[in-house]
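Here's the structure we're looking at; comments come further down.
The values are calculated or read from the model by the stated rules, or taken from the named source; none is laboratory data. On a predicted model such as this, the values are computed, not experimentally measured, just so you know. Methodologically, a virtual Cβ is constructed for each residue, glycine included, from the backbone with ideal geometry; neighbour enumeration extends over all protein chains shown. These area figures cover heavy atoms from the full protein model, side chains too; ligands, DNA and RNA do not enter into them. Shrake-Rupley method; radii C 1.70, N 1.55, O 1.52, S 1.80 Å.
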Amino acid sequence: MSKSYSLLFLLPLIGIAVNAQGNKQDNYPTVIPDKKITVTSADASDAQWGEGAANSIDGNKNTLYHSSWSNTVFPVTINYHFQNVDRIDYFTYHPRSDGGSNGNFVEIEVWASTASQPKFVKVGEYNFEGKGTPSVVNFSGGLKSPKTIRIVVNSGMGEGGKSFASCSEMVFYKRKGQSSIPFVFTDESCSELRSDVRKQDIDTIGNTFFRNLANALFNKTYPKEFRIQQYKPYPNPETAARKNKTSTYSLLDNPTGICIAEKDKDLIVFVGKTGKETISLRLIDFEKGYSASADFLLKEGINRFKTGSKGLLYVMYHTSNPDAKPVKIHIATGTVTGYYDISKHSPAAGNTLLNNAKGKDFDILGKYAHVTFPITSLKQHCPDINRLIQVYDSLSWLEQKFIGLYKYNRANANRMFFHVDHNMPRGWGAYATSYRTAYPLYSMTTLCKADILRSTAVWGPAHEVGHVNQTRPGFRWGGMGEVSNNVYSMYVQYSFGNRSRLADEGESGYQNRYEKGFTEILAAEALHSTYEDVFCKLIPFWQLELYYAQIKGQTDFYADVHEQIRLRPDPADDGEAILQFIRICCDVAKEDLTDFFNAWGLLRPVNYVGKYSGYGSGDLRLKSSPKQIEDVVRYAKKYPKPEMHLQYIHDDCKDIYRNYAGIIEGFAEKDLSNNVRMKGWKHVAVFEVYDADKLVFVTPKTEFKIPATVKNPAIYAISAKGEKMKAKLMYKLG
């Protein structure tokens, strides 16, 4: 190990001295903490039973104040009452700590009643932006003799058309004096010595911690790479999510490379000029879960905290200020574990950094993706850290491209976050939620291998990232929760050069999903929204990509569709969402697609309010009147009908649609077990099987089995334009 890393593991002891008796003494710098002000009581105008305002002042961030789940009425007013308090300088709002975002404050007003002014006076208006990190409100000059501080929440985060207000803790403070920093350092970050400092100057420093730190900097033996960094500001991911009508990307774009290996250790952090931005440190113990975290609000100069738990440290620096500057932060205690950043480390450094890592998990940063996987899994399964993050970067970039975030200058400045959920019950799969996607430990055997991830394993992460990118509610109406995200998965799978799942996977006696979907939805004239197989429901949406992007060259088809969804007002219900989507597709394609959507059971009069069962279950509110359907049909008539019969396009017949030619006739050979071989046919999209005059089965395959219930089979070859040719049926005996 080189000399520059000689203090790498000794640094946590830099603040420990030994007295004459050989006993260890704490020589960390003395930091006078700001005084927490006791809140006498709290009440709210709107609260869910069991989650009243008292939960926000109980000192427990695992409890929560929450407004009514069913019918929050804004503005929500929360009053915090005080007795015998001489001054409050600021308060800190802590949003919910479980990793969700429902109820995070957005627009608020602060009012105050004091001994000298009992009538409430407005202090100011603030926008917390729905952030999942603490927010601070300062009272200029201090609030003297407060009686009540009133928080008026005018808007909060939510989903499904509902908004809420929630708070894990509201903490009020009176400022105390800040500890002094020795003159030998250039600034509050204690990261550099003044150019004129001599060794004898350092020897005059009384505090052991500062003296040892200054000596290490003077001798150039201090491991600066991860302990001292400039942390850039990132936007609050909620901002892009609201604008793009998606879920939220990561909060953890600023890993520190420092871990806390043992709980209840002192954390010493020096912070340079913040420009009055709110910055905090988040400690996450991924072994206990993403939400098992603690936030430490940072101030300029010396900060000292008791960690309380183990885990990795992240700088939380989120702001809407376009002029915010990077902030220098020096984390002087804790253990250096490092991380890999594709933008500043060489490809060869990845596995070297991994081999030196400490603790449980390791951060890998790409340009668009951030992976936090167990060190043991990465060492065992990942031969190339750089190559692995490139694949996650590509996946994340492709989905943003597909939904038009680059074309329309809407790209997320935050990364997509992938991490292991160490506590996932056995048998559970991956999931997506606010700020992250999570994966079971057993999946590391494939998700840590770049080559496998690019092929057979890509679907899982692409599917979960798709959940984050789902554009709601315009492309995520009832019954689409596990469908529209798979359009994005299909695009990633296709872009990586893999075979389509729809063409490759059989289900319930069918040879592939196309065969099942064509039969059970198209032939059966089923209602798309209440049909249960989410992969069959995926087919029509993937067909639009196959035809318009891959055949007609309209490669931005879905990018344009998503932009129109983002620009138009949100539909009132599921039925209106479907009709709006159909109008948008017609506008983008410049073709009348009503026959296509009608065939797939999406353009039908319906009045259904209830539950949707099956994978991705939930509530459905489908109300489309005959008049609404007629309006859409009338709207689409300004465009020509598609030249091709779109409802039968599939991955294996794109050339037939691209280079149309009439059907070349063959014949059908059927045995006594109803097995059929279509021989000699060319330029056929699908084969339809009728029982007398009733369509009962549709397949893209040339070999198939006629359902046993069919008594009088007739088989037709269907061209890309929908032309039909009846097959001569020959029987094979024996």
Per-residue accessible area, 1.4 Å probe, largest first, puts Y93, Y608 in the order Y608, Y93
Of the candidates H330, A44, N154, the farthest towards the positive dipole end of the chain (Lys/Arg Cβ +1, Asp/Glu Cβ -1, centred on the Cα centre) is H330
Diffing the stretch 180-185: the Karplus 3J(HN,Hα) column from phi (6.51, -1.76, 1.60, θ = phi - 60°), in whole Hz with x for Gly and Pro, holds 7, 10, x, 5, 6, 8
Summed over the other residues with a beta carbon less than 12 angstrom from that of Y290, with K and R at +1 and D and E at -1, the charge totals -2
The stretch 656-734, convex hull of Cα, quarter of hull surface, nm² -> 4.9
Sorted by accessible surface (1.4 Å probe, heavy atoms of the protein chains only), largest first, V121, V606, V483 come out as V121, V606, V483
Heavy-atom accessible area with a 1.4 angstrom probe orders R96, R436, R87, most exposed first, as R87, R96, R436
Which residues qualify? For D363, with a placed amide H closer than 5 Å and at least 5 residues away or on another chain, they are Y340
For the chain, dividing by residue count, accessible area per residue (probe 1.4 Å) in Å² works out to 42
Rounded to two decimals, the Rg over Rh value of the stretch 315-471 from Cα coordinates and the Kirkwood Rh reads 0.97
For the stretch 43-54, in residue order, the Karplus 3J(HN,Hα) values (coefficients 6.51, -1.76, 1.60; θ = phi - 60°; whole Hz; Gly and Pro = x) are 9, 9, 6, 8, 8, 6, 4, x, 10, x, 4, 4
SASA check, W428, accessible area w/ 1.4 Å probe, all protein chains in place, rounded to nearest 10 Å², comes out at 150
Long-range amide H partners of F286, meaning residues 5 or more apart or on another chain whose placed amide H is closer than 5 Å, are L312
Taking the chain and counting helices only, DSSP H stretches of n ≥ 4 at -39,500 (n - 2.57) each over all residues, the nearest-500 ellipticity at 222 nm comes to -6000 deg cm²/dmol
Mean shadow area (nm²) of the C-alpha convex hull around the stretch 607-695 is 10.7
So for R0 = 35 Å, FRET eff. of E159-Q230 from the Cβ-Cβ r, to 0.05, ends up at 0.50
With the label point 7 Å along the Cα-to-beta-carbon line of K732 and a cut-off under 17 Å to each amide N, the hits in the stretch 689-713 are 701-707
Computed over the chain, the Cα gyration tensor eigenvalues, each multiplied by 5 and square-rooted, give semi-axes in Å (largest first) of 58, 32, 20
Output row, site E262, 7 Å Cα→C-beta label point, backbone N cut-off 20 Å, window the stretch 197-225, residues 209
SASA check, Y635, accessible area w/ 1.4 Å probe, all protein chains in place, rounded to nearest 10 Å², comes out at 70
DSSP beta bridges in the chain: the antiparallel percent, rounded to 5, is 90
The local net charge around D533, scoring Lys/Arg +1 and Asp/Glu -1 for residues other than D533 whose Cβ lies under 15 Å from its Cβ, equals -2
Summed over the other residues with a beta carbon less than 11 angstrom from that of F417, with K and R at +1 and D and E at -1, the charge totals -1
Taking protein heavy atoms only, a 1.4 Å probe, and rounding to whole percent, the accessible area of the chain owed to carbon and sulfur comes out at 49
Protection proxy (average C-beta count within 10 Å per residue), highest first, orders 64-73, 229-238 as 229-238, 64-73
Across all Cα atoms of the stretch 25-166, Rg and the largest Cα-Cα distance (Dmax), in Å, are 16.0, 57
Note, the stretch 242-258: 3J(HN,Hα) by Karplus (6.51, -1.76, 1.60, θ = phi - 60°), whole Hz, Gly/Pro = x, goes 5, 5, 9, 6, 10, 8, 9, 7, 6, 9, 10, 6, 10, x, 9, x, 10
extent check for the stretch 459-537: Cα max minus min per principal axis, descending, whole Å, gives 32, 30, 15
Computed on Cα atoms, the radius of gyration and Dmax of the stretch 543-663 in angstrom are 15.6, 46
Under a 1.4 Å probe, counting only protein heavy atoms, H345 has an accessible area in Å², nearest 10, of 30
Per the C-alpha gyration tensor (a ≥ b ≥ c, the square roots of its eigenvalues), the stretch 405-505 is rounded if a/c is under 1.5, else prolate if a/b beats b/c, else oblate; here it's rounded
Surpassing 29 Å at the alpha-carbon level, of the pairs K245/K310; K537/K732; K144/K310; K449/K705; K694/K728, are K245/K310; K537/K732; K144/K310; K449/K705
Taking R0 as 25 Å and r as the Cβ-Cβ distance between T40 and E125, the FRET efficiency 1/(1 + (r/R0)^6), rounded to the nearest 0.05, comes to 0.45
